[in-house]
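The values are calculated or read from the model by the stated rules, or taken from the named source; none is laboratory data. Remember, predicted model here, so these are calculated numbers, not experimental data. Reconstructed Cβ throughout: ideal geometry from the backbone, glycine too, with neighbour counts over all protein chains shown.
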Amino acid sequence: MNDPLRVAIVEDHALTREGMRTALAAAYDVVGEAADGIAGYELIAREHPDVAVVDLGLPGVDGIELTKRVRIGSPRTHVVIMTMVDVEDEVLAALAAGADAYCLKSSPVSVLVDAVRIAGEGGAYFDPRIAHVVLSRFLPKSAPATPSASPLTPREVDVLRLIADGKGNTEIASQLAIGLGTVKGHIRDILEKLSAADRTQAAVLALRKGFI
């Protein structure tokens, strides 16, 4: 049995930090906490946790700057950004800084637990309520040729692009002029090929690997 993921929490609000610790300690090894960005970086540099849960609006050094520093000083540590902010520019800035996951504090605690697991396994996760916005901003409007190294078929790329635009299965079937069962089959194959837990993670992974 694998050892539990080692997780650090960097959050300035004490009650929020306590809630995070309680939720995460049930599944992971919480190795430390910090209430500001400077102390957070010291904690991460000392412990080199598998995952750091980082608040975006930290005093001293904010979450985006902290993420940049972690990428340099502790490159094996994955970063999960937690925030009340769902502003697109802030989300994109977190991604550009090297964050592996982005969760809204108003989401169920299970979202954070899942995000930590996915990030710790080397995946990428964005809260379902903002994922399609992020992906739509990053994806070009015209589809380039599928790279030769991609495991995806051209049709699977089409399906992923529509997922990134926030389309449901019925809309995808209509736009591609294929049956609903065919859409579900494509999604099942995509998840298997990319070892993704869900549609959102599949789209993020494909984007980061240059498959779409």
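Can you tell me how many residues within the stretch 98-112 are over 16 Å from residue 11 (Cα atoms) and under 13 Å from the mean Cα position of the chain (by Cα)?
Residues flagged as over 16 Å from residue 11 (Cα atoms) and under 13 Å from the mean Cα position of the chain (by Cα) within the stretch 98-112 amount to 3.
Filter the stretch 167-206 for residues that are farther than 16 Å from residue 118 by Cα, aliphatic (A, V, I, L, M) and touching a residue at least 24 places away in the same chain (Cβ under 8 Å) and give the result.
183, 187, 190
If the Cβ limit is 9 Å and pairs must be 6+ apart or interchain, which residue in the stretch 3-23 that is in the same structural domain as residue 110 (by TED's automatic domain parsing) and at positive phi pairs with which residue that is surrounded by 14 or more Cβ atoms within 10 Å (Cβ to Cβ) and not small (Gly, Ala, Ser)?
none
For residue 19, all conditions in the list (1) crowded, with 19+ Cβ neighbours inside 10 Å; (2) at pLDDT below 95 hold save one; what is the number of the exception?
Of (1) crowded, with 19+ Cβ neighbours inside 10 Å; (2) at pLDDT below 95, only one is false for residue 19: (1).
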